[in-house]
1. List the residues whose amide H sits under 5 Å from the amide H of residue 286, counting only those 5 or more places along or on another chain, with H placed 1.01 Å from N in the peptide plane.
2. Which of 300, 286, 26 moves most in a GNM of the chain, Cα contacts under 10 Å?
3. May I ask you to list the lysines whose Cα is less than 30 Å away from that of residue 315, ignoring any residue fewer than eight positions away on the same chain?
4. Tell me, what HN-Hα J-couplings in whole Hz come from the Karplus equation 6.51 cos²θ - 1.76 cosθ + 1.60 at θ = phi - 60° for each residue of region 305-320, using x for Gly and Pro?
5. Using a/c under 1.5 as the rounded threshold, could you call region 272-316 rounded, prolate or oblate? The axes a ≥ b ≥ c are square roots of the C-alpha gyration tensor eigenvalues, and prolate needs a/b larger than b/c, oblate otherwise.
6. Could you list which residues have their amide H under 5 Å from that of residue 168, counting only those 5 or more apart in sequence or on another chain, with H placed in the peptide plane?
7. With θ set to phi - 60° and the Karplus curve 6.51 cos²θ - 1.76 cosθ + 1.60, what are the ³J(HN,Hα) couplings of region 207-220 in order, to the nearest whole Hz, using x for Gly and Pro?
8. What is the distance in Å between the Cα centroid of region 316-334 and that of region 31-96?
Amino acid sequence: MLVFGTRPEAIKMAPVYNSLSYDDNFKVHLCVTAQHRELLDQVIELFDLPVDTDLNLMKMDQDIVDLMTNVMRGLKPVITSLNPDMLLVHGDTMTSVSAALVGFLMGVPVGHVEAGLRSDDLNSPFPEELNRRVTTITASLHFAPTESNRQNLLHNGVSDNRIFVTGNTVIDALQNVVKRIRYDSSHRNRLDQRLNLMLPNWPMKNHFILVTCHRRENFGHGIKNICEAVKKIAGSNPHTSVVFPVHPNSNVAGVVKGILGETKNIFLINPLPYELFCYVLMESRFLITDSGGLQEEAPFLNKPVLVTRSKTERKEALADGTIQLVGTDINLIVEKSNSLLTDIDAFNNMVNSSHPYGTGDASLKIKEALTNAIF
Ligand code: UDP
């Protein structure tokens, strides 16, 4: 049984669902909590995922304790009636940790996809660092994207024979979408038409910075600073645009629209369906973001990332130099952005082809590991 509830989980679990469901050895039940609703549904539609159980738990600005309780209450009868051989959860969301706890408490082995990421700070990202550590404790099988994630798990006392280094399934999803955009011109034309309705002068070909922002620990002061920095960058670079898909969370949208709403070369748009977002990412010059997944996806497409956080669990990209931590310091964000816009060496220093998160076969490796695993 696969359980997930948010947009990033759906993007990263879709390849796992597909690789398992095409294999007759597996019978897969897909349960979504709908911790996100619209953002989740966009991904379900894109990858044509047949949802078997939908707990439909989304509430605007939901309290995380209530969410945890609701996921646990909602899942218990589903697990009781299905009695699955394994519960597969992903990463670090409230859905993942709650589902993992229910699985563990009900005696169902838990498999953790994207296991072993650590920022080493329980408060950042909050509550994700706690969620991923707790999920590790409950899990019988751990699918670690990288060797250093494996080391983190070993350090936490997980047995080596329970860990499988697979790469990150986000690269499987990204590759799937990017290949179609690159090689199917009529498909690309259709995406162009849709983007044309939202963005003047599309395609803007490398002349824009892509910005996203949604992390809980940046709510308030952090988001305000990020917006002030973006406003300065747009003001001093009138020939560069900023494209900013604004997360619907009211802690984000109100501040972003208030500070950036009236600036000519800043385009505030609704969150984009994954396929359109990948196309925009492919055409962008670089990113300013606090997203986790984008620290994996953007380097794969040779797009430098300025990360508006003080710590990251994507330490491989940091070591490669393809992402840089800029926190929420206005001057630092502006300085690094201007350098990427004007200094070709600074830009090239943030591009390399080491691909620490894999090359698109993570979901197959997970399937192989599950086929051979004893749990
Ligand atoms: N994404 C998307 N549309 C958008 C913005 C992001 O499809 O408008 C995708 C992005 O490519 C990445 C995922 O959403 O795969 C990241 O989600 P988010 O930043 O919300 O969560 P995180 O990765 O930080 O957990």
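1. Amide H to amide H, under 5 Å and 5 or more residues apart or across chains, residue 286 pairs with 210.
2. 26
3. Excluding near neighbours in sequence, the set is 12, 179, 205, 224, 231, 232, 303, 336, 365, 367.
4. Working through the residues one at a time gives 10, 9, 9, 8, 9, 8, 9, 9, 9, 8, 6, 5, 5, 5, 5, 6 Hz.
5. prolate
6. Sorted by chain and number, the residues that satisfy this are 358.
7. Each residue's phi maps through the Karplus curve to give 9, 9, 9, 9, 10, 9, 6, 7, 5, 4, 6, 9, 4, x Hz.
8. Measuring centre to centre over Cα atoms gives 33 Å.
A short reminder: the numbers here are calculations on the coordinates, not readings from a lab. Every value quoted in this text rests on a predicted model; they were computed, and no experiment measured them. Counting neighbours? That spans all protein chains shown, and the Cβs are built from the backbone with ideal geometry, glycine included.
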